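Take a look at the structure set out below.
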Amino acid sequence: MARLDGKVAVVTGAGSGNGRAIALAFAREGARVVAADLDHDRAGQTVAMLPAGSGHAVAADVSAEEDARRLIDEASRAFGRLDILVNNAGMWTRGTVESLSTEQWDRLMAVNVRGVYLCSRYAVPLIARAGGGAIVNIASQAGLRGSAGGVLYNASKHAVVGMTKCMALDHAAQGIRVNAICPGLIETPMGEQSMRARGGDDLESVRKSMSEAIPLGRIGLPEDVANAAVHLASDEASWVTGTAYDLDGGSGVTGRRLGERERGTGSGESSELALEEEIDDFAHVAAHVLAHRQAGERVQSPCVRLGGKLGGVIVRTRLAQRPDGVVHGGGVDLG
């Protein structure tokens with residue numbers, strides 16, 4: 001028997017990327033799926049990929065209360081019940097509290113946070129009426145840590161993780177499990193937007209550097225997110241609630257991540273290239289610094305800070321690059 005036989009699911013942001021992959025995976029596992037998207041045509045394209053009679057497309061702006069209520073009502077009218085809600089709809093914007101406009105802040109928070117609240121608010125009574133079920137919130141690794149330029153997006157995803165934990169407690173007695181998936185970089189339109197912010201139009205170079213920094217050696221796929229969503233929505237996860245499910249190819253475990261962080265926006269500002277590697281022996285620090293120097297990267301006057309980490313230390317080499325292309329300053333931190 002398929003894992004979601006007889007279940008009805010609403011998936012928001014189902015017109016592309018992770019949402020489309022989740023809708024397809026749910027249908028393969030026997031669920032009937034209401035595919036919601038801001039763009040009705042894209043939602044319809046997703047439904048056209050599902051087995052006949054197993055999908056229903058709805059155009060909805062999850063940040064608008066009337067749309068959220070109508071979406072859940074349509075799911076009930078189309079299929080008679082609701083067992084699963086996947087809050088996947090979201091948007092991404094880069095900036096600082098200084099550079100972001102109030103309109104940008106409000107719009108992203110409305111979609112990424114208010115949308116989760118509104119859809120959940122109207123879905124919970126129906127899921128409880130069906131005898132219980134699952135809510136899966138698509139958060140992000142950005143909801144577990146900070147990143148330069150991520151103050152808005154990260155704040156929204158931290159909110160989703162916090163909501164997930166509270167909702168898990170609030171609705172456990174109703175038989176509703178609530179979990180979040182926290183993906184790392186995924187090959188989706190939003191993932192491409194993030195990669196372009198790192199490397200402009202040179203996507204292949206960014207893909208290569210990011211893949212090399214991931215222990216499992218590749219960027220994630222929407223199907224990876226979909227597989228996790230199927231598990232958390234199914235009875236296989238009947239004793240799992242309130243979790244923030246790491247889905248990052250191992251990046252968060254090893255402490256080895258590669259990326260660029262912008263420092264400031266003026267023409268005279270510097271950008272910082274951050275490389276983190278876990279090193280098991282203090283004696284390797286000199287070799288670590290030497291390797292960067294031999295690669296033509298100037299690491300002047302390394303500053304070593306020893307921190308408390310048993311069984312190994314994390315070495316962070318900070319390399320600041322001026323607009324003239326000269327790498328300067330920086331240091332090495334252990335801790």
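The values are calculated or read from the model by the stated rules, or taken from the named source; none is laboratory data. What you see is a predicted model; the values in this text were computed from it and never measured. Neighbour counts are summed over all protein chains in view; Cβ atoms, including those assigned to glycine, are modelled from backbone coordinates with ideal geometry. We work out accessible area using only protein heavy atoms, side chains counted, and drop any ligands, DNA or RNA first. Shrake-Rupley method; radii C 1.70, N 1.55, O 1.52, S 1.80 Å.
Per this entry, S194 is counted among residues that are polar (S, T, N, Q), outside any strand (DSSP E or B), buried (at least 16 other Cβ atoms within 10 Å of the Cβ) and modelled with pLDDT under 85. Taken together, the residues in the stretch 133-156 that are in a loop (DSSP other than H, G, I, E, B) and either open to solvent by 20 Å² or more (accessible area, probe 1.4 Å) or closer than 17 Å to W105 by Cβ (or both) amount to 6. When each of A89, A14, A21 is tested for being in contact with a Pro (Cβ under 8 Å, 6 or more places away or on another chain), surrounded by 24 or more Cβ atoms within 10 Å (Cβ to Cβ), touching a residue at least 24 places away in the same chain (Cβ under 8 Å) and not in a strand (DSSP E or B), the lone residue that passes is A21.
Looking at G53, G132, just one residue is touching a strand residue (DSSP E or B) at 6+ places or on another chain (Cβ under 6 Å) and of a type in the set (G, A, S), and that residue is G132.
Assigned to a strand (DSSP E or B) and either in contact with a Ser or Thr (Cβ under 6 Å, 6 or more places away or on another chain) or more than 25 Å from I186 (Cβ to Cβ) (or both) - does that describe any residue in the stretch 38-57? Within the stretch 38-57 (the criterion being assigned to a strand (DSSP E or B) and either in contact with a Ser or Thr (Cβ under 6 Å, 6 or more places away or on another chain) or more than 25 Å from I186 (Cβ to Cβ) (or both)), the answer is yes, since at least one residue qualifies.
Residue by residue, here is whether (1) under 23 Å from the mean Cα position of the chain (by Cα); (2) under 24 Å from G249 (Cβ atoms) holds:
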residue: A48; (1), (2): no, no
residue: V58; (1), (2): no, no
residue: D67; (1), (2): no, no
residue: T96; (1), (2): yes, no
residue: R121; (1), (2): yes, no
residue: A130; (1), (2): no, no
residue: I138; (1), (2): yes, yes
residue: V151; (1), (2): yes, no
residue: K157; (1), (2): yes, yes
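Would you call A25 at negative phi and in contact with a strand residue (DSSP E or B) (Cβ under 9 Å, 6 or more places away or on another chain)? Judged against the criteria, A25 is not a match. When the stretch 211-249 is filtered for residues that are surrounded by fewer than 19 Cβ atoms within 10 Å (Cβ to Cβ) and charged (D, E, K, R), the ones remaining, listed by number, are E212, R218, E223, D235, E236, D246. Only residues that are within 22 Å of I135 (Cα to Cα) and either in a helix (DSSP H, G or I) or open to solvent by 60 Å² or more (accessible area, probe 1.4 Å) (or both) were counted in the stretch 166-189, giving 9. The selection criterion, being under 19 Å from V113 (Cβ atoms) and open to solvent by 10 Å² or more (accessible area, probe 1.4 Å), holds for R69.
Just for the stretch 197-233: of the residues that are in contact with a Leu (Cβ under 7 Å, 6 or more places away or on another chain) and modelled with pLDDT under 85, which one is nearest to V178 (Cα to Cα)? Within the stretch 197-233, the match that is nearest to V178 (Cα to Cα) is M210. Which residues, taken from the stretch 30-63, are without any contact (Cβ under 8 Å) to a residue 24 or more places away in the chain, of a type in the set (A, V, I, L, M, F, W, C) and surrounded by fewer than 16 Cβ atoms within 10 Å (Cβ to Cβ)? Passing the criteria: A48, A52. Among the residues of the stretch 116-132, at least one is open to solvent by 20 Å² or more (accessible area, probe 1.4 Å), modelled with pLDDT of 95 or more and in a loop (DSSP other than H, G, I, E, B).
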